[in-house]
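**Q** Attaching a single structure in structure tokens format; questions to follow.
Every number here is computed from the coordinates shown, using simple stated rules; none is lab data. All of these numbers come straight from a predicted model, not from anything done at the bench. In this analysis, Cβ positions are derived from the backbone assuming ideal geometry, glycine residues included, and neighbour counts consider all displayed protein chains.
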Amino acid sequence: EDQVTQSPEALRLQEGESSSLNCSYTVSGLRGLFWYRQDPGKGPEFLFTLYSAGEEKEKERLKATLTKKESFLHITAPKPEDSATYLCAVLGNQFYFGTGTSLTVIP
Amino acid sequence: NAGVMQNPRHLVRRRGQEARLRCSPMKGHSHVYWYRQLPEEGLKFMVYLQKENIIDESGMPKERFSAEFPKEGPSILRIQQVVRGDSAAYFCASSGGALAYEQYFGPGTRLTVT
């Protein structure tokens, strides 16, 4: 059965303290892995798409990487405005979303 | 540069009433997806539509729920005879085509059934 598991569920960081969020997946015929950011009361905001193992993408303080079984979202020197829930999704026969990692960055 | 629009943003219905949720995709997008999000749960895929066609409705309950995306106008998610368990946030997303996998989400409609 296709599924997506994100860890940790919640993460508190001091401003400037770098860390990584994990997304592990099992899917038949991966067609893409996606990262989104969701702020409270809002819809998810698209961040990255990764298509194949070894691929990396960067945007400001965020960097996403992909292996055959998992993806990491690395956050370098986070700021309080990076506080949000980060969602991972995979596309096999349909889209499957993880439950997210709630990130809090403390000033 | 209008994004995906959903209305209403908040909807309150009594048990047994009907709920109609609307979604206007991003300009130039012809693919629409509906998701349901319950507190503490992830987004659950419901249905994938193109103009005038339902492509995949495997995530949608067989009864009381229906969706359409007419040639003109917004996509509609319709829930008949709502029950308390239907209370959730419903999100619509759109993408540019069958091979354009990036989905752009609307702000959601929060349905409360009393």
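**Q** Would you mind counting up the charge near A:VAL4? Only other residues with Cβ under 15 Å from its Cβ, with Lys and Arg at +1 and Asp and Glu at -1. Mind showing how you got there, number by number?
**A** Working: positive: A:ARG31, A:LYS68, A:LYS69, B:LYS44; negative: A:GLU1, A:ASP2, A:GLU9, A:GLU70, B:GLU41.
Charge balance in the 15 Å sphere: -1.
**Q** Okay, moving on. Straight-line reach from A:LYS63: which lysines have Cα under 20 Å away, leaving out those fewer than 8 places along the same chain?
**A** Within the straight-line cut-off, A:LYS63 pairs with A:LYS79.
**Q** Going Cα to Cα from B:LYS62, which lysines come in below 25 Å? Please leave out same-chain ones fewer than 8 positions away.
**A** List returned: B:LYS44, B:LYS51, B:LYS71.
**Q** With only alpha-carbon pairs counted, each pair once and no self-pairs, how large is the Kirkwood hydrodynamic radius of region B:10-74 in angstroms? Write out the running numbers ahead of the final one.
**A** Numbers: mean 1/r = 0.0754 Å⁻¹.
Final number for the Kirkwood radius of region B:10-74 is 13.3 Å.
**Q** Moving to a separate point now. For a quick size check, give me the Cα extents of the protein assembly as shown along its three principal axes, largest first, whole Å.
**A** Projected onto its principal axes, the Cα set of the protein assembly as shown covers 50, 38, 35 Å.
**Q** About its Cα centre, how strong a charge dipole does chain A have in debye, to the nearest 20, once Lys and Arg get +1 and Asp and Glu get -1 at the Cβ?
**A** Working: 11 positive and 14 negative charges, 29 e Å.
Taking the Cα centre of chain A as origin, the dipole is about 140 debye.
**Q** I need the calculated FRET efficiency for the pair A:SER52 and B:ILE54, taking r as the beta carbon distance and R₀ as 41 Å, to the nearest 0.05.
**A** Working: r = 30 Å, r/R0 = 0.74.
Plugging the Cβ-Cβ distance into 1/(1 + (r/R0)^6) gives 0.85.
**Q** Just to confirm a number: summing +1 for Lys and Arg and -1 for Asp and Glu over residues other than B:ALA88 whose beta-carbon lies under 11 angstrom from that of B:ALA88, what do you get? Walk me through the intermediate numbers first.
**A** On the way: positive: B:ARG36, B:LYS44, B:ARG84, B:ARG110; negative: B:GLU41, B:ASP86.
Charge balance in the 11 Å sphere: +2.
**Q** Right, next: Can you compute 3J(HN,Hα) from phi for each residue in region B:19-35, using the Karplus curve 6.51 cos²θ - 1.76 cosθ + 1.60 with θ = phi - 60°, rounded to whole Hz and x for Gly and Pro?
**A** 10, 10, 10, 10, 9, 9, x, 4, 4, x, 8, 10, 10, 10, 10, 10, 10
**Q** When each pair of different Cα atoms in chain A is counted once in the 1/r mean, what is the Kirkwood radius in angstroms, to one decimal?
**A** Numbers: mean 1/r = 0.0729 Å⁻¹.
Value: 13.7 Å, from the Cα pair sum.
**Q** Across region B:2-12, in residue order, what do the Karplus-derived ³J(HN,Hα) couplings come to in whole Hz, using 6.51 cos²θ - 1.76 cosθ + 1.60 with θ = phi - 60° and x for Gly and Pro?
**A** Each residue of region B:2-12 in turn: 5, x, 6, 10, 10, 8, x, 7, 9, 9, 10 Hz.
**Q** Under a cut-off of 16 Å between alpha-carbon atoms, report the aspartates and glutamates in cross-link reach of A:LYS68, not counting same-chain residues fewer than 8 places apart.
**A** Result set, ordered by chain and number: A:ASP2, A:GLU55, A:GLU56.
**Q** For B:ALA2 paired with A:ALA77, estimate the spin-label separation in nm (one decimal), with each label point 7 Å from Cα along the Cα-to-Cβ line.
**A** 4.1 nm
**Q** Taking the Cα centre of chain B as origin, work out the dipole magnitude from +1 charges on Lys and Arg Cβ and -1 charges on Asp and Glu Cβ, in debye rounded to 20. Intermediate values should be presented prior to the final figure.
**A** Numbers: 16 positive and 11 negative charges, 99 e Å.
Dipole of chain B, to the nearest 20 debye: 480 debye.
**Q** Show me, for region A:62-79, the HN-Hα J-couplings you get by feeding each phi into the Karplus relation (A = 6.51, B = -1.76, C = 1.60, θ = phi - 60°), rounded to Hz, glycine and proline as x.
**A** For region A:62-79, the Karplus-derived couplings read 10, 9, 10, 10, 9, 10, 6, 10, 7, 10, 10, 10, 8, 10, 9, 6, x, 10 Hz, x marking Gly and Pro.
**Q** Further, regarding this structure: For B:ARG78, what is the net charge nearby, where nearby means another residue's Cβ is under 13 Å from its Cβ and Lys, Arg count +1, Asp, Glu -1? Kindly include the intermediate steps, with their values, before the conclusion.
**A** On the way: positive: B:ARG13, B:ARG20, B:ARG22, B:ARG64; negative: B:GLU18, B:GLU57, B:GLU63, B:GLU68, B:ASP86.
With Lys, Arg at +1 and Asp, Glu at -1, the neighbours total -1.
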